[in-house]
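The values are calculated or read from the model by the stated rules, or taken from the named source; none is laboratory data. As the structure is a prediction and not an experimental result, all values here were calculated from the model. Positions of Cβ are generated from backbone atoms using ideal geometry, with glycine treated the same way; all protein chains shown enter the neighbour counts. Just so you know, the surface numbers come from the protein's heavy atoms only, side chains and all, with ligands and any DNA or RNA stripped out. Shrake-Rupley method; radii C 1.70, N 1.55, O 1.52, S 1.80 Å.
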Amino acid sequence: MAEIKLDATVRTEFGKGAARRTRRANLVPGVVYGHGAEPVHINLPGHDLLLALRTANVLIGLEIDGKDALVIPKAVQRNAIKGNIEHVDLLTVKRGEKVNVEIAVHVEGDLAPGGNLLEYVQNTLLVEAEATHIPESVTVSIAGLDAGDSILAKDVPLPKGSVLAGDEDAVVLQVVAAQAEEPSAEGAEGAGTEA
């Protein structure tokens, strides 16, 4: 995974009014924390941050007033209507350090014939990986699965260097039979009285 570089400045104003002024200047307020250090309140360039966060679990190289920090996004708050980023929490990591992150689950292949439906019980898996080698996603083959089949977390092939950090017996995907609707009682009665 490539590292994305962003410049940040230390934030000195706090509160709603200060946050609104920051956002009007196309900046995003954020906090960097981790490794027992005091949290650092920062402002980040809004557009560059938006582009960086398109990649899940992106590794960001921050330059904060001349000091370098390596971070990953921990929590991102977005505006519910506009979708723009309102605040971001960043976690400091070190090269070689293992971190727990959620990665997306994708599927490939076709289910067995018969009108079955695939149900995602979990859209993500919690894995432990090196901070500089976090996988973006995992792909699971569902080829030939039939109603009643399921895939557990321990059955998902993980990329090299990643280990499962969550419950290995948790169901990730399951195949269910399609349900046909029964005719309503009114429709059946009405059909018999016409004769």
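Data table
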quantity	calculated
Residues (of a type in the set (S, T, N, Q) and either touching a Phe, Trp or Tyr at 6+ places or on another chain (Cβ under 7 Å) or within 16 Å of His133 (Cβ to Cβ) (or both)) located in the stretch 151-176	Ser162
Members of the stretch 75-101 found to be closer than 17 Å to Ile134 by Cα, outside any strand (DSSP E or B) and among the basic types (Lys, Arg), listed by number	Lys94, Arg95
Extreme residue, modelled with the highest pLDDT, among residues of the stretch 24-37 that are of a type in the set (Gly, Ala, Ser) and part of a strand (DSSP E or B)	Gly30
Unique match (being farther than 19 Å from Ile4 by Cβ and either at pLDDT 85 or above or under 16 Å from the mean Cα position of the chain (by Cα) (or both)) among Glu63, Glu128	Glu128
Residue match in the stretch 24-47 (condition: in contact with an Asp or Glu (Cβ under 6 Å, 6 or more places away or on another chain), closer than 20 Å to Asn100 by Cα, among the aliphatic types (A, V, I, L, M) and open to solvent by less than 40 Å² (accessible area, probe 1.4 Å))	yes
Hey, Leu111 more than 26 Å from Ile60 (Cβ to Cβ) and exposed (fewer than 15 other Cβ atoms within 10 Å of the Cβ) or not	no
Residue pairs meeting the criteria (Cβ under 8 Å; at least 6 apart or on separate chains; first free of Cβ contacts under 8 Å to residues at least 40 places away in the same chain, in the stretch 22-35; second open to solvent by less than 60 Å² (accessible area, probe 1.4 Å) and outside any strand (DSSP E or B))	Thr22/Arg11; Asn26/Gly46; Leu27/Gly46
Filter result (open to solvent by less than 70 Å² (accessible area, probe 1.4 Å), part of a loop (DSSP other than H, G, I, E, B) and more than 28 Å from Leu59 (Cβ to Cβ)) within the stretch 115-136	Gly115, Asn116
Subset of the stretch 1-23 [part of a loop (DSSP other than H, G, I, E, B) and open to solvent by 60 Å² or more (accessible area, probe 1.4 Å)]	Met1, Ala2, Thr12, Glu13, Phe14
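Listed here are the residues, each with its yes/no results for (1) farther than 19 Å from Lys94 by Cα; (2) not β-branched (Val, Ile, Thr).
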| residue | (1), (2) |
| --- | --- |
| Asp7 | no, yes |
| Gly17 | yes, yes |
| Val28 | yes, no |
| Gly34 | no, yes |
| Ala37 | no, yes |
| Val40 | no, no |
